[in-house]
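Some notes on the structure that comes next.
FYI, it's all coordinate maths here, none of it is from the lab. Please read these numbers as outputs of a predicted model, since none were measured by experiment. As a convention, Cβ positions derive from the backbone with ideal geometry for all residues, glycine included, and neighbour counts pool all protein chains shown.
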Amino acid sequence: MMEYKGYIGTLEYDAKAKIFHGDIINTRDVITFQGTTVDEIERAFRDSIDDYITWCEEEGVSPEKPYSGKFNIRLSPELHKEIAIQSKKLRMSINSFVEKAISDEMAILHNY
């Protein structure tokens with residue numbers, strides 16, 4: 001994976017065409033890039049993101065931010081209730097409780 005200005009790109013190599021091609025994975029907008037060498041693919045990756053940002057400015061639209069820090073999740077009513085009860089007991093907001101639970105789980109995963 002590659003990262004530039006908060007955007008993350010993944011790469012694949014097409015042996016038949018002898019070309020690298022990639023996609024930006026953390027935006028709904030379609031941003032792609034390709035090249036035949038490592039230097040070329042790195043440059044194409046950065047250029048594609050810069051072109052996307054420039055195009056957005058010219059069109060008067062905001063570029064999609066890779067991660068806003070907001071997302072919606074759907075839970076069973078029972079789990080929602082349990083989270084609400086436990087967060088109250090800990091004097092935390094539901095958001096803080098869920099963020100801590102996810103952070104704790106991610107820390108465990110990073111140790112594998």
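Candidates are the residues of the stretch 51-97 that are out of contact with any Ser or Thr (no Cβ under 7 Å at 6 or more places or on another chain) and of a type in the set (V, I, T); the one that is farthest from T27 (Cα to Cα) is I85. For the stretch 89-106, state whether one or more residues are within 28 Å of M1 (Cα to Cα), surrounded by 15 or more Cβ atoms within 10 Å (Cβ to Cβ) and either touching a helix residue (DSSP H, G or I) at 6+ places or on another chain (Cβ under 6 Å) or of a type in the set (D, E) (or both). No, there is no match, as no residue in the stretch 89-106 is within 28 Å of M1 (Cα to Cα), surrounded by 15 or more Cβ atoms within 10 Å (Cβ to Cβ) and either touching a helix residue (DSSP H, G or I) at 6+ places or on another chain (Cβ under 6 Å) or of a type in the set (D, E) (or both). Hey, any hits in the stretch 58-76 for a residue that's β-branched (V, I, T) and under 16 Å from G6 (Cβ atoms)? Checking the stretch 58-76: not a single residue is β-branched (V, I, T) and under 16 Å from G6 (Cβ atoms). Residues in the stretch 1-39 that are touching a Ser or Thr at 6+ places or on another chain (Cβ under 7 Å) and in contact (Cβ under 8 Å) with a residue 40 or more places away in the chain: Y7 alone. Might you let me know whether the stretch 46-69 holds any residue that is surrounded by 12 or more Cβ atoms within 10 Å (Cβ to Cβ) and in contact with a helix residue (DSSP H, G or I) (Cβ under 9 Å, 6 or more places away or on another chain)? Scanning the stretch 46-69, I find at least one residue that is surrounded by 12 or more Cβ atoms within 10 Å (Cβ to Cβ) and in contact with a helix residue (DSSP H, G or I) (Cβ under 9 Å, 6 or more places away or on another chain), so the answer is yes.
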